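Below is one structure; the comments refer to it alone.
The values are calculated or read from the model by the stated rules, or taken from the named source; none is laboratory data. In this text, all values refer to a predicted model and were calculated from it rather than measured experimentally. Cβ sites come from the backbone with ideal geometry, for glycine too, and all protein chains shown count toward neighbours. In case anyone asks, the SASA skips ligands and DNA or RNA and just uses the protein heavy atoms, side chains included. Shrake-Rupley method; radii C 1.70, N 1.55, O 1.52, S 1.80 Å.
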Amino acid sequence: MAEVVLKNVIKRYGKVTAVNDISFSIGDKEFYVLVGPSGCGKTTTLRMIAGLEEITEGEIHIDGKVVNDLPPKDRDIAMVFQSYALYPHMSVRDNMSFGLRLKKYSKEEINNRVDDASGILAIKNLLERQPKELSGGQKQRVAVGRAIVRKPKVFLFDEPLSNLDAKLRVEMRAELKKLHQKLQATIIYVTHDQVEAMTLGDKIVVMKDGVIQQIADPLTLYTKPINKFVAGFIGSPAMNFIDCRIIRKSDGLWLDEGNFTVKIPEDFVEGLEEIADKEVIFGIRPEHIFDRLYTSIATSENTVMVTVDVVEPLGSEKLLDLVTQKSRFTARVNPFNQAEPGQNIEIVFDMSKMHIFNKETEQAII
């Protein structure tokens, strides 16, 4: 396998800059995920690595070699697309072996590689079927198998699970994770689904408008997002953002929403002293908001009264959409919570998990 390095890569389509001066390095055998909303440049980046798009500026290195001018066939990469792109008139075996036959591999080598790949993917019993006889998940396995038999230096996946139903996507995520562990391959994976990104990636590249926002492991992205965009994109349900003012009282700093105040923990005060009396964005994840009846961390400093607007039962949990006269936010609570729409309840913020963002730049302060 191989290291992949992007240095100051730019892609322009006329006056439109799709990818703007991005740089990152993917180590040998690492699983990197490019994630972001539609139009953020993630698929364009993947296609430039594959050689399917020309680079406007910058360099791409694969295994220590600059590949800017190399055609896709000479880059020793294999790509799995969103569409399975299987030949409908060929059997599974022939689909998987097609690339090897074009390169004039021996019949024995081809059979060995197809048998190995089909064993890894548990599709040996499907080798004589045609694509029309396969389910969506089976077709996706065949597409992955076609990439595996080539034994490339780098695997590129472009939203390969987006055509599958929710249950099958969860199953295939686990299969891809196991596949990476077996192959010890360098994998670059594109998705718009942050849950997919968090479960699969060793490192995640979060993109917006062609610009990299943050590169980090899943836990760091969740606990220490660099700005409001990353904080809101990573996590499900998304982080709540509440406009507040930092105010000073005799016992320390507080966040004043207008309808309630909550105290800022002492551990965070030093980093916020300079912006006392200024407007900020208070970030708190739904799982860090509790109904007072169901938590032991309630104090007068972190408990506020709100109104329940909508209740969303999800089986293992409930989501409460809560409102004040000024703000709306979501709490993820115990499934046995008895709150009803229109009811006033006391909720508790776990302030040790709070985030503070600059209101103008949206960069993280705490």
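Specify which of the listed residues (D63, D69, D74) is surrounded by fewer than 17 Cβ atoms within 10 Å (Cβ to Cβ) and at positive phi. Matching residue, one of D63, D69, D74: D63.
The set of residues in the range 56-67 that are without any contact (Cβ under 8 Å) to a residue 60 or more places away in the chain and touching a strand residue (DSSP E or B) at 6+ places or on another chain (Cβ under 6 Å) comprises T56, E57, G58, E59, I60, H61, V66, V67. Within the range 300-336, the set of residues being exposed (fewer than 13 other Cβ atoms within 10 Å of the Cβ), touching a residue at least 40 places away in the same chain (Cβ under 8 Å) and of a type in the set (S, T, N, Q) comprises just one member, Q325.
Conditions (1) of a type in the set (K, R); (2) in contact (Cβ under 8 Å) with a residue 40 or more places away in the chain; (3) within 16 Å of I365 (Cα to Cα), marked per residue:
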residue	(1), (2), (3)
G201	no, yes, no
L219	no, no, no
K228	yes, yes, yes
G235	no, yes, no
D243	no, yes, yes
D251	no, no, no
F260	no, yes, no
K263	yes, yes, no
F268	no, yes, yes
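Screening P225 on (1) in a loop (DSSP other than H, G, I, E, B); (2) at pLDDT 95 or above; (3) within 17 Å of K353 (Cβ to Cβ); (4) open to solvent by 40 Å² or more (accessible area, probe 1.4 Å) shows it passes everything except condition (4). Tell me, yes or no, whether the range 337-346 has at least one residue that is under 23 Å from D243 (Cβ atoms) and either open to solvent by less than 70 Å² (accessible area, probe 1.4 Å) or modelled with pLDDT under 95 (or both). Yes - at least one qualifying residue is present in the range 337-346.
Among the residues of the range 237-258, not one is open to solvent by less than 30 Å² (accessible area, probe 1.4 Å), more than 17 Å from H288 (Cα to Cα) and among the polar types (S, T, N, Q).
Might you let me know whether the range 68-89 holds any residue that is of a type in the set (A, V, I, L, M, F, W, C), touching a helix residue (DSSP H, G or I) at 6+ places or on another chain (Cβ under 9 Å) and modelled with pLDDT of 95 or more? No, the range 68-89 contains no residue that is of a type in the set (A, V, I, L, M, F, W, C), touching a helix residue (DSSP H, G or I) at 6+ places or on another chain (Cβ under 9 Å) and modelled with pLDDT of 95 or more. Which residues, counting only those in the range 221-271, are more than 14 Å from I284 (Cα to Cα) and charged (D, E, K, R)? Of everything in the range 221-271, those that are more than 14 Å from I284 (Cα to Cα) and charged (D, E, K, R) turn out to be R245, R248, K249, D251, D256, E266, D267, E270. Applying the set (1) touching a residue at least 24 places away in the same chain (Cβ under 8 Å); (2) among the β-branched types (V, I, T); (3) open to solvent by 60 Å² or more (accessible area, probe 1.4 Å) to V170 leaves exactly one unmet item: (1). Counting the residues of the range 1-38 that are closer than 12 Å to H61 by Cβ, at pLDDT 95 or above and open to solvent by less than 10 Å² (accessible area, probe 1.4 Å) gives 4. When you look at V230, is it touching a Leu at 6+ places or on another chain (Cβ under 7 Å) and part of a helix (DSSP H, G or I), yes or no? Spelling it out, V230 is indeed touching a Leu at 6+ places or on another chain (Cβ under 7 Å) and part of a helix (DSSP H, G or I). Residues in the range 39-54 that are surrounded by fewer than 20 Cβ atoms within 10 Å (Cβ to Cβ), part of a loop (DSSP other than H, G, I, E, B) and either modelled with pLDDT under 95 or not charged (D, E, K, R) (or both): G39, L52.
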